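Chemist: Take a look at this one; I'll ask things after.
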Amino acid sequence: MRKAKLVAAAAGVVLLVAGCGGEGGSGKNKGGSSSSTSGSTTGGSEAGGGDSPDAAAVEKEIEAAATAAGFIQDASGEDVPAELKDCMVSWTADTKKVADPKKSYDATVKTLSGGGWKEGQGTEQAGSTIKTLNKGTWSLKASNHGAAGFSIVMFIGTDNTAACEALFKADLEKSKKP
């Protein structure tokens, strides 16, 4: 229970730092994936977002990079709400099953950077590292939180289109209601 609350709090901080703002629209298809229909402040291309992946592609890239670095996904990680699945990806590593979570985190970020994700701002403070990576309309927060006997490594991606921003705001308003 404590771990779930901690993961939820950390995810909230990552999303707060990530910001959901962006310009552009999003087209949805019946397959559940999205494609950008215009540019974005994070580097999406015009008319069709040719360089902007959908949620499934983002998740696949995180999975491939993280597993290549020695991580496996933590089955007890937080699920993305169904209404946000086209706009958000969450991947939590099982840090207990890797020898050096920091080394694996760094290797995952390096692989993603080599795969077209452009590294943006990052912060390091009190045993935590959060790096921002951008690809098309997507922003990925790669976070490594470690302290004495405690470690959480998460990768949370958000699509920064206007359509997804509206969904994030609606979800936030819904969670504020008693």
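Chemist: With the requirement that a residue be part of a loop (DSSP other than H, G, I, E, B) and either open to solvent by less than 20 Å² (accessible area, probe 1.4 Å) or of a type in the set (Ser, Thr, Tyr) (or both), what does segment 83-108 give you?
Modeler: CYS87
Chemist: Among THR123, THR111, which is the only one that is assigned to a strand (DSSP E or B) and not small (Gly, Ala, Ser)?
Modeler: THR123
Chemist: Give just the number: which of (1) open to solvent by 20 Å² or more (accessible area, probe 1.4 Å); (2) in contact (Cβ under 8 Å) with a residue 12 or more places away in the chain does GLY114 not satisfy?
Modeler: (2)
Chemist: A further question on this structure: Name the single residue that is nearest to LYS102 (Cα to Cα) among those in segment 129-178 being at pLDDT 95 or above and among the acidic types (Asp, Glu).
Modeler: Only one residue tops the list, namely ASP159.
Chemist: Further question on the same structure: Restricting segment 65-82 to residues that are in contact (Cβ under 8 Å) with a residue 12 or more places away in the chain, assigned to a helix (DSSP H, G or I) and within 16 Å of the chain's Cα centre (by Cα), which is surrounded by the most Cβ atoms within 10 Å (Cβ to Cβ)?
Modeler: ALA66
Chemist: Look through VAL13, VAL89 and report the one residue that is at pLDDT 95 or above, β-branched (Val, Ile, Thr) and in contact with a strand residue (DSSP E or B) (Cβ under 9 Å, 6 or more places away or on another chain).
Modeler: The conditions single out VAL89.
The values are calculated or read from the model by the stated rules, or taken from the named source; none is laboratory data. What you are looking at is a predicted structure, and each value in this text was computed from that prediction instead of being measured. Neighbour counts are summed over all protein chains in view; Cβ atoms, including those assigned to glycine, are modelled from backbone coordinates with ideal geometry. Calculation scope for accessible area: heavy atoms of the full protein, side chains included, ligands and nucleic acids excluded. Shrake-Rupley method; radii C 1.70, N 1.55, O 1.52, S 1.80 Å.
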